[in-house]
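FYI, it's all coordinate maths here, none of it is from the lab. Computed from a predicted structure; not experimentally measured. Using ideal geometry, Cβ is built from the backbone for each residue, glycine included, and neighbour counts are taken over all protein chains shown.
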Amino acid sequence: MSDPADVFDLVGLTEYEATALEQLLSLGRTTAPNLAEASGIPKARVYGVLESLSDRGFIKVIPGRPKEYQPKSPREILDRAVENRRQSYESFAADIESHRDAFLAEYEPRFERASEDISPTAELFHVVDVGEPSERETRRLYDDADETLRVITNSFAYLDSVERALAETLDRGVEVSVLFLHPDELPAEKAAVQADIVDRLRAEYSEVDVRFSTEKLPWRGTLVDPSMDYDSGEAILLVEEPDVPNHMRQAAITDNGSFVAGMKRYFDLVWEYESIGVDSFGA
């Protein structure tokens, strides 16, 4: 369960502002000197802190000698925080729009001139780090899939990070196929992970087709919606580099239709001629 005080960070309060607001919610209506004494905020700072909270709409200032400060209700504070963020976004969006024409006029020609000499081959891939960046891109591919999604993997150990996307992909009627490396080719620890993952897929996602390659796989990754007309498809892949630790590796992403079609051909050939089904070895 999250800490309720985390809200103070979410709304962007400084440490002194968060301390002051939390104390006011406990003390109720009080003066600046009393708040400073109760909270430990230096007296030289407390007035500025209270002015900031008032500007944000989180407290009320009661005129008098001395002034008093009263917190809004917790519900009002949350509602005001959302409204502040909405207004800030609208102001930001308006500022961007006011600069749009001038920015595009200045920089689009530069970009186009700089891009003229880039060959199609140079644009074949871009890369992301292995880990959360590559898993985020993999989830995006799942979300974008319309017809087919093919996975080549050793053990599918990252299933947890893509499970939500997998479930939604299956709900859309996308055909999903997972080609595992045969467990005999894996260390015992990874083979055990693979066995658990396969059991989960069979129990919870029976629509997923599963097979095991009987040969080593030179790469692993995900490809979606390839076309033999070479006009669609996208993929993320990681070539096997056993001597390079994962945290130092990068995954390649491509939306080149010809390349993705070639990946499909490789996948289909292994699936058809160099793989066995789950029941073939009692997994």
Next on the checklist: Going by average Cβ density within 10 Å per residue, which order do the peptides 168-179, 98-109, 213-224 take, highest to lowest?
Outcome noted: 213-224, 168-179, 98-109
Next on the checklist: Tell me whether the range 126-280 comes out rounded, prolate or oblate; compute the Cα gyration tensor, take square roots of the eigenvalues as a ≥ b ≥ c, and use a/c under 1.5 as the rounded threshold.
Outcome noted: rounded
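Write down the percent of antiparallel bridges among all DSSP beta bridges whose residues are both part of the range 126-280, to the nearest 5. Intermediate results must be reported in sequence, preceding the final value.
Working: 20 of 31 bridges.
Antiparallel: roughly 65 percent of the beta bridges in the range 126-280.
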Checklist outcome for this item: Taking Rh as the Kirkwood radius computed over alpha-carbon pairs of the range 190-283 and applying Stokes-Einstein at 25 °C with viscosity 0.890 mPa s, one gets a diffusion coefficient in µm² s⁻¹ of 163
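Please give the length that would be gained between Tyr47 and Lys216 if that part of the chain were fully extended, namely 0.36 nm times their separation in residues minus their C-alpha to C-alpha distance (nm, one decimal).
Values: separation 169, 0.36 × 169 = 60.84 nm, distance 6.90 nm.
Here the answer is 53.9 nm.
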Next on the checklist: Of the candidates Gln23, Gln194, Gln250, which one comes out as most mobile in a Gaussian network treatment of the chain with C-alpha springs shorter than 10 Å?
Outcome noted: Gln23
Checklist outcome for this item: Only helices counted: for the chain, with every DSSP H run of 4 or more residues adding -39500 (n - 2.57) and the sum spread over all residues, [θ] at 222 nm is -16500 deg cm²/dmol
Checklist entry - Looking only at Asp79, Asp143, Asp255, which one moves most when the chain is put into a Gaussian network model with springs between Cα atoms under 10 Å? => result Asp79
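Give the Rg/Rh ratio for the range 1-115, taking Rg as the radius of gyration of the Cα atoms and Rh as the Kirkwood radius, to two decimals. Walk me through the numbers on the way to the answer.
Details: Rg = 20.3 Å, Rh = 16.6 Å.
Across the range 1-115, the Cα-based Rg/Rh ratio is 1.22.
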Checklist outcome for this item: Counting only backbone N atoms under 19 Å from a point 7 Å out along Cα-to-Cβ of Ala157, the residues of the range 203-235 in range are 213, 216-222
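For the range 49-142, report the % of Cα-Cα distances exceeding 15 Å.
Working: 3459 of 4371 pairs.
Of the Cα pairs, 79 percent sit more than 15 Å apart.
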Checklist outcome for this item: Excluding residues fewer than 8 positions from Lys216 in its own chain, the lysines with Cα under 22 Å of it are Lys190, Lys264
Checklist entry - Ratio of the range 122-186's C-alpha Rg to 2.2 N^0.38 Å, to two decimals? => result 1.21
Checklist entry - Taking the alpha-carbon centroid of each part, what is the distance from the range 107-179 to the range 1-67 in angstrom? => result 46
Checklist entry - In the chain, what percentage of the DSSP-assigned beta bridges are antiparallel, given to the nearest 5? => result 70
Checklist entry - If one puts a single equal scatterer on every Cα of the chain and applies the Debye formula without solvent, what log₁₀ I(q)/I(0) results at q = 0.08, 0.11 Å⁻¹? => result -0.61, -0.82
Item to check | Estimated FRET transfer efficiency when R0 is 25 angstrom, pair Ser232-Glu207 (beta carbons, to 0.05) | outcome: 0.65
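If you stretched the chain out fully between Ala188 and Ser2, how much longer would it get, using 0.36 nm times the residue separation minus the C-alpha to C-alpha distance? The partial results should precede the final answer.
On the way: separation 186, 0.36 × 186 = 66.96 nm, distance 3.77 nm.
Between Ala188 and Ser2, full extension yields an extra 63.2 nm.
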Checklist entry - Under a straight-distance cross-link criterion of Cα-Cα below 25 Å, which lysines are reachable from Lys43, leaving out those fewer than 8 residues away in the same chain? => result Lys60, Lys67, Lys72
Checklist entry - Between Tyr107, Ala252, Tyr266, whose Cα lies farthest towards the positive end of the dipole of the chain when Lys and Arg beta carbons carry +1 and Asp and Glu beta carbons carry -1, centred on the Cα centre? => result Tyr107
Checklist entry - Hey, rough spin-label estimate for Arg113 and Ser54, points 7 angstrom out along Cα→Cβ, what's it come to in nanometres? => result 5.4
